[in-house]
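Down below is the structure, laid out as structure tokens.
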Amino acid sequence: MSTIKVNTIENRNGSSITIGKTGTTVDFAAGTTVDFSTNSPTISGLTASDVSGVATVNGITYIDRWRVATSFTNSLDPIVYTRNTDSDSPQLGTAMTQSSGIFSFPSTGFWMIHAFYGGANLPTAGNINSHLAFSTDSGSNYSQLCAGLQNSNTYSQWSITMVAFLDVTNISTFRVKSYINVPSSAETYGQNNGNNLTRIDFLRIGDT
């Protein structure tokens, strides 16, 4: 077996370099480190099934939890959240950005959005409606992404949970908001901040 020792390989013509021919297996010696962090190169065309011996490809890279900081007693569009930075709610990756209840994403990709709403003390029975909505034009127009419905009897406690998936293809224009309609202005929801009773979670689960 021949050995070639060099420090740098550069292309002679064109803009690409081909290593091996079709069907060739390229092995790395034991203890070799392949470092992609220095120059942040782009790797394209790979899926999990293309790579063996690697635990995760394009896995979850962002986890971010937000919660209602104080109780609300009426319908609200949008709901304004506060980012949860408690030790029992670890974050992963760059945080979502919120402006008056309107969320922007730190990265393109497939996102899972989990919203939970909880309340009590409803003096008038009726339907409670919760919604997740998204915009692709920086918040000028919104489409419903997911909705929840709960019928609440007088003085009952209630909760709604929703899970939605969104393919974010442009972080400059994609927006998400959460809002709720309750049948009475005396309704209380979002209380008990320490238990994240009314919250919203964002998880990036893969590349778009």
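Throughout, read-outs are computed from the coordinates displayed, never taken from laboratory work. These numbers were taken from a predicted model, which means no experiment stands behind them. FYI the Cβ positions are ideal-geometry reconstructions off the backbone, even for glycines, and counts take in every protein chain you see.
Data table
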{"quantity": "Rg and Dmax [Cα atoms of region 62-206; Å; Rg one decimal, Dmax integer]", "calculated": "15.0, 44"}
{"quantity": "Relative contact order (%) - region 62-206, alpha-carbon pairs under 8 angstrom, separation at least six", "calculated": "40 percent"}
{"quantity": "Label-point separation in nm, S89 to R12, each point 7 Å along Cα→Cβ", "calculated": "6.0 nm"}
